[in-house]
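The values are calculated or read from the model by the stated rules, or taken from the named source; none is laboratory data. Only a predicted model underlies this, so the values are computations on that prediction, with no experimental measurement involved. Cβ: placed from backbone, ideal geometry, glycine included. Neighbour counts: every protein chain shown.
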Amino acid sequence: MFLRWQQWNRRARFVLWVIAIIGVAAALPLGAVRMEMEKSSKQVEYVFDYRDIAEVAEKQARPLSFLTEKLALLKESGITTMAVYESSLKELQLSGRLTYYSSRDAAMLQGKFEAVGQNFTYILFSGPKEEELIGPIVRKAFDRSEAVYSDWSFGGRNGIVVEIPIAEAIMKTLDFDPMSLQTIHDAGLGILPRFSDRVKPYNQADTEEVLANLKGYGVNRVLFDGDKVKGASDQATDNSLTKFGELLKKYDMGVAVIENLKKPQEGINKLAYITNYNAVRLYSLSETDGMTMTTSAISDRFLLAAKDRNIRMFFINGMVESNTEKAKVVHSLDRLAEAMSAEDGVVAKLSKDGFTPGTPKPFDYDPPSWNKPVRAVVALGAIALIALLVGAFIPGVYIPVFAIGLVGSAGLYKLNSSIMEQGLALGAAIAAPTLALVWVMNRIYARTVGDRRVIGGPNWSVGRSQQGQAPQPGAIYENGSRMKWLFPALSTGRRFGLALNWFIVATLISLMAVPILFGLLNNITYNLKLEQFRGVGLLHLAPIALVAIYVLLYNSQITVGRLKALLTKPITLTWIILAAVIGIIGYYYLSRTGNSGQVSSIELVIRRFLESTVGVRPRFKEFLLAHPLLLLGLFLSLRYRAAWLLIIIGSIGQLSMVDTFAHLHTPLYISIIRVLLGLGVGAIIGCILIVAWQIVEGAIRKWAPAIVRKFVE
């Protein structure tokens, strides 16, 4: 019965590899569909914060003429759109639309004594036009909050008295300033309105009136201010978010999704869904960066965002500050205009790469009819890879693990299909690079320590080819059996050929996870980063740990008895120091992963050089570290047992290739080029390391003392 089960298990292993390969093949058409989608939107929009210009203008001697001049300058430099916020009394006073006073200030203005027991807000409009256009939005805001107000005038100017304190009045959110909208429109610039969720309760009729007015100015996309989109707060009680989304759809308006927020704006995913994913990603240049960064640095950053992260809107913030050394107020508007329009500036550099200024279109997302059944085949491929991984460590479990994977995935799909897809994608992403290096280690074991025995069997940690052999120099002993640190030398050409062959095969096995990953997560929500692939941290650690376990425990270096003795030893200072060193290395390794990873200034220079010369930057840890060390390790592992440590380090490059494709907001062709460049350059560096090793080893054999030569011969 046991032998029959082993036979079935061996057959199951072959069948699982076939299923995995079929899953990989099925995913390739989905990748082609994704690449076509990513080509459907190439225009970019440059947006400037209108509020920042108004704040700078307010500190000038002639604010209105300064505002008109800078609007024209920014338009000429390549800015196409101005972002406007819902207004407030403070902003309207800053723009010169009105002036507000406390009860005390109003009494002083009129030459009267302050009324006792009164703390009202007095508002005067700057003129008849302001009263006509601004008056209605001010009154509407106070009507919403049921504040009591009455007419008031002074010095030939009309206004109102609101029976609430100034501290409360300036917190009221008003509709968009119609005079600013007209000024921007007359300057030939587009408008990007920034809605908030501070106008409560949500009113569908008022919101539709605002959107209809904005549509008259040519608005086709909205942005949100704060941590919630409009209508999110009242969704549970009033279905307000859904209503707002339907209005956006009615007026053919999309949404902008802000990149790199600590937490996505609440409700943005639902709005994107309601509008049929009429959404584009937006990158914001901070005030400080706009004031301090060079033209070249800004343009490089914008190009990288457009090319590598599918950014199609760039939001630029201005800044004004007092410079005590110059004894004047300085601002960043002129230098930002220069950064946009210079020969090596933003517009020129992005246009040269195919990203022309204009109105960005949403990606053309139309899943084919065969999308779901094909993804089901891809899911089977993922389950097969996971089962193969488990079976590589626990013999005889291929069939039950695959069956459990099928049942569990089906159940999870019913509960939450997104979690199921991400779970299978993560499992496959961990499994493929681990299986690749398990395959490599089995090839190495077969040519050095012999066929490894099944774990748990007699003398499981001792290779068959070692038992009963006579002691030899360069060997140590464990439980009476020989364990070599040096193996019989093959010819250099043979070792190099095997190493290169194993490197290529291992890479192909690792890359099996890539189509599985982009096939399962073939949804525009990942391209727009409305949804993110979870478990990247686990992907960066699990294959390394699994490969280390396989290298250290699945050969004759560590026996069960020795492992038990190791685990029962008291913790010493040496162990603590070793754990601390490993922890520091692990922390540094993880700190370099993801978009927020920390890099040195030298590496930044090299990155810019690679971007400007090659166009796509391969990952440093792949082509400078992991790939070369893996190739060197494969070459040396046929001669030196200690070189197996390099196989563990080399696993970083294998998992990193898969992780490159886990950045689903990066265009697929960019990820392909990045991985191929990393492999090519890494293999070249690895070959150079092998040549260097041979030269050093030859010199040692020739000139080193006998005691040293003994360890390399």
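Worth pointing out:
- Helices (runs of 4 or more DSSP H) completely within the range 623-708 that count 3 or more residues being among the basic types (Lys, Arg) and in the same structural domain as Val505 (by TED's automatic domain parsing): 668-703
- Test: residue in the range 340-362 that is free of Cβ contacts under 8 Å to residues at least 24 places away in the same chain and not in a helix (DSSP H, G or I): yes
- Selection count, the range 366-380, where residues are under 26 Å from the mean Cα position of the chain (by Cα) and buried (at least 18 other Cβ atoms within 10 Å of the Cβ): 3
- Close pairs from the range 202-215: first closer than 20 Å to Leu189 by Cβ, partner part of a helix (DSSP H, G or I), Cβ under 6 Å, at least 6 apart: Leu211/Leu247
- Boolean, Lys326 is without any contact (Cβ under 8 Å) to a residue 24 or more places away in the chain and either in the same structural domain as Lys228 (by TED's automatic domain parsing) or over 23 Å from Thr359 (Cα atoms) (or both): yes
- Tallying residues that are closer than 19 Å to Leu261 by Cα and assigned to a strand (DSSP E or B) within the range 203-241 yields 4.
- Selection over the range 391-426 of residues that are surrounded by 23 or more Cβ atoms within 10 Å (Cβ to Cβ) and farther than 19 Å from Trp8 by Cβ gives a count of 4.
- Residue list for the range 512-525, restricted to those being crowded, with 21+ Cβ neighbours inside 10 Å and either not in a helix (DSSP H, G or I) or not β-branched (Val, Ile, Thr) (or both): Met512, Ala513, Pro515, Leu517, Phe518, Gly519, Leu520, Leu521, Asn522
- Number of the condition not met by Ala61 [criteria: (1) assigned to a helix (DSSP H, G or I); (2) at pLDDT below 95; (3) more than 30 Å from Gly519 (Cα to Cα)]: (1)
- Ser77 surrounded by fewer than 16 Cβ atoms within 10 Å (Cβ to Cβ), under 33 Å from the mean Cα position of the chain (by Cα) and in contact (Cβ under 8 Å) with a residue 12 or more places away in the chain: no
- Test: residue in the range 271-279 that is touching an Asp or Glu at 6+ places or on another chain (Cβ under 8 Å) and exposed (fewer than 15 other Cβ atoms within 10 Å of the Cβ): no
- Residue in the range 172-180 that is in a loop (DSSP other than H, G, I, E, B), acidic (Asp, Glu) and in contact with a strand residue (DSSP E or B) (Cβ under 9 Å, 6 or more places away or on another chain) present: yes
- The condition of being surrounded by fewer than 16 Cβ atoms within 10 Å (Cβ to Cβ) and either free of Cβ contacts under 8 Å to residues at least 60 places away in the same chain or within 30 Å of Val44 (Cα to Cα) (or both) does not hold for Gly190.
- Residues of the range 271-300 satisfying the condition of being closer than 17 Å to Ser41 by Cβ and either assigned to a helix (DSSP H, G or I) or of a type in the set (Val, Ile, Thr) (or both): Ala272, Thr275, Val280
- Residue check for Leu303: farther than 21 Å from Asp364 by Cβ and without any contact (Cβ under 8 Å) to a residue 40 or more places away in the chain: no
- Residues in the range 258-270 that are charged (D, E, K, R), outside any helix (DSSP H, G or I) and surrounded by 17 or more Cβ atoms within 10 Å (Cβ to Cβ): Glu259, Glu266.
- Among residues of the range 98-132, those that are crowded, with 16+ Cβ neighbours inside 10 Å and either assigned by TED's automatic domain parsing to the domain that holds Asp206 or part of a helix (DSSP H, G or I) (or both), counted: 5
- Filtered residues of the range 335-356 (kept if more than 16 Å from Gln43 (Cβ to Cβ) and of a type in the set (Gly, Ala, Ser)): Ala337, Ala339, Ser341, Ala342, Gly345
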